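J.: My structure is below; once you've seen it, I'll send some questions.
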Amino acid sequence: MGLRKGKRQETDDRPEAQGMPGLAVELRGVRRQYGRGAGAVHALAGVDLALPRGSFTAVMGPSGSGKSTFLQCAAGLDRPSAGSVCLGGTEITGMRENRLTELRRSRLGFVFQAFNLLPSLTVEQNVLLPMRLAGQRRDRRRAAEVLARVGLADKARSRPGELSGGQQQRVAIARALVTSPDVIFADEPTGALDTGTAAEILGLLRHAVDALGATVVMVTHDPVAAAWADRVLFLADGVFADGLDRGSAEQIAARMAGLTSRAGAMMGAAA
Ligand SMILES: Nc1ncnc2c1ncn2[C@@H]1O[C@H](COP(=O)(O)OP(=O)(O)O)[C@@H](O)[C@H]1O
Ligand SMILES: [Mg+2]
């Protein structure tokens, strides 16, 4: 992800700082600024967040509201300009790049819109990749277990190219589950799928939370997808402006429309 290693004093030699127990994700005063001076963009303008373990959270917001920046900062793929991030009780702010990479591999799961599987590897090898990269013993029984969870017990030896889009995304979910991560970050996981297949994928994420105790944070623009979450958080201009618990797709869409028209009105006023 092209992160440059900071020249500033690293803080890794201290004992690991602990966040609040029971919280999977904790952000405090997180800001992310692009550029400086008059042209600076405040993509995140002070975000506070505390997500308990075993929760499913959707993050929505108009285009440019900071969703991608939020996900990158929360998942340790980008460094905030200010504030702190704790994952699974571990403070990652100021962590050295190699330790952060190791933490991402062993304690986070990722599901992307474009599946991001390695085409030359089998399904089983793709699922085992996070373990391999984290230097853990490759546990083939564990791979079989998570593949069975996502309904692909019989596809272990297939290559991604032999599978449908929905099946490929199931492999990505199995890969995200294999290390029993503290958090699974999903970025538009159903963006490339038809409605029926999308529902299957969202059902699997829901199942991971309900049956396996996983914690899922999902960015989406789709109110139907967001309605599978316990809670929807709405970003506007780099801050969480609103939240909705157990909302229906219609209720979520109505809140989104409110945010978008506000943003539109502001842009109109500025023009
Ligand atoms: N690398 C970057 N350089 C400069 N500005 C950026 C960069 N990435 C994002 N931005 C700006 O930050 C704001 C938030 O972007 P982003 O997080 O991508 O929003 P979203 O994912 O909700 O569309 C936008 O104004 C965007 O133009
Ligand atoms: Mg985005």
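J.: Choose one of Leu100, Leu117, Leu128: the residue whose Cα lies farthest towards the positive end of the charge dipole of the range 82-195 (beta-carbon charges +1 Lys, Arg; -1 Asp, Glu; about the Cα centre).
T.: Farthest towards the positive pole: Leu128.
J.: Sequence-distant or interchain residues sharing an amide H contact under 5 Å with Ile184, placed H: which?
T.: Gly109, Thr215, Val216, Val217
J.: Take peptides 225-232, 98-105 and line them up by average Cβ neighbours within 10 Å, highest first, as a rough protection proxy.
T.: 225-232, 98-105
J.: Could you tell me the distance between the Cα centroids of the range 195-210 and the range 215-235, to the nearest Å?
T.: 12 Å
J.: In addition: Evaluate the charge dipole of the range 146-210 about its Cα centre and quote only its size in Debye, nearest 20, assuming +1 on the Cβ of each Lys and Arg and -1 on the Cβ of each Asp and Glu.
T.: In total the dipole reaches around 300 debye.
J.: Right, here's the next one. Which of Leu118, Leu71, Leu27 moves the most in a Gaussian network model of the chain with Cα springs under 10 Å?
T.: Checking each option, the largest mean-square fluctuation is seen for Leu118.
J.: Quick one: of the DSSP bridges fully inside the chain, what percent are antiparallel, nearest 5?
T.: Bridges in the chain that DSSP calls antiparallel: roughly 60 percent.
J.: Per the 1.4 Å probe, what fraction of the accessible area of the chain, in percent, lies on carbon and sulfur atoms?
T.: The value for the chain is 51 percent carbon and sulfur by accessible area.
J.: Just the number please: accessible area per residue for the chain, 1.4 Å probe, all protein chains included, in Å².
T.: 48 Å²
J.: Can you check what the net charge comes to around Ser81, using other residues whose Cβ is under 9 Å from the Cβ of Ser81 (Lys, Arg +1; Asp, Glu -1)?
T.: Local charge sum for Ser81: +3.
J.: Oh, and also: Mean separation of Cα pairs under 8 Å and 6+ residues apart, divided by the residue count of the chain: what relative contact order is that in percent?
T.: 24 percent
J.: Would you compute, from DSSP H runs of 4+ residues alone, the mean residue ellipticity of the chain at 222 nm, taking -39500 (n - 2.57) per run and dividing by the full residue count, rounded to the nearest 500?
T.: When only DSSP H runs of four or more count, the value is -11000 deg cm²/dmol.
J.: Under unit Cβ charges (Lys, Arg +1; Asp, Glu -1), what dipole magnitude, rounded to 20 debye, does the chain have relative to its Cα centre?
T.: 880 debye
J.: Whenever you get a sec, line up Arg159, Arg170, Arg138 from highest to lowest accessible area (probe 1.4 Å, protein heavy atoms).
T.: Arg138, Arg159, Arg170
J.: How high is the relative contact order of the range 62-212, in percent, counting Cα pairs under 8 Å that sit 6 or more residues apart?
T.: Reported relative contact order: 28 percent.
J.: Just how large is the dipole of the range 109-148 about the Cα centre, in debye to the nearest 20, putting +1 at every Lys and Arg Cβ and -1 at every Asp and Glu Cβ?
T.: Approximately 180 debye in magnitude.
J.: By its C-alpha gyration tensor, with a ≥ b ≥ c as the square roots of the eigenvalues, how is the range 92-238 shaped: rounded for a/c under 1.5, else prolate for a/b larger than b/c, else oblate?
T.: Taking the square roots of the gyration eigenvalues as a ≥ b ≥ c, the range 92-238 is oblate.
J.: Return the sequence-ordered ³J(HN,Hα) values of the range 160-168 in whole Hz as given by the Karplus equation 6.51 cos²θ - 1.76 cosθ + 1.60 applied to θ = phi - 60°, using x for Gly and Pro.
T.: Whole-Hz 3J(HN,Hα) from phi for the range 160-168: x, x, 8, 10, 6, x, x, 5, 5.
J.: Given the C-alpha atoms of the chain, compute the convex hull and give its volume per residue in Å³.
T.: Value for the chain: 140 Å³ per residue.
The values are calculated or read from the model by the stated rules, or taken from the named source; none is laboratory data. Remember, it's a predicted structure, so these values are computed and weren't measured experimentally. Every residue, glycine among them, receives a Cβ derived from its backbone with ideal geometry; neighbour counts consider all protein chains shown. For the accessible areas, the whole protein counts, side chains as well, though only heavy atoms, and no ligand, DNA or RNA atoms are used. Shrake-Rupley method; radii C 1.70, N 1.55, O 1.52, S 1.80 Å.
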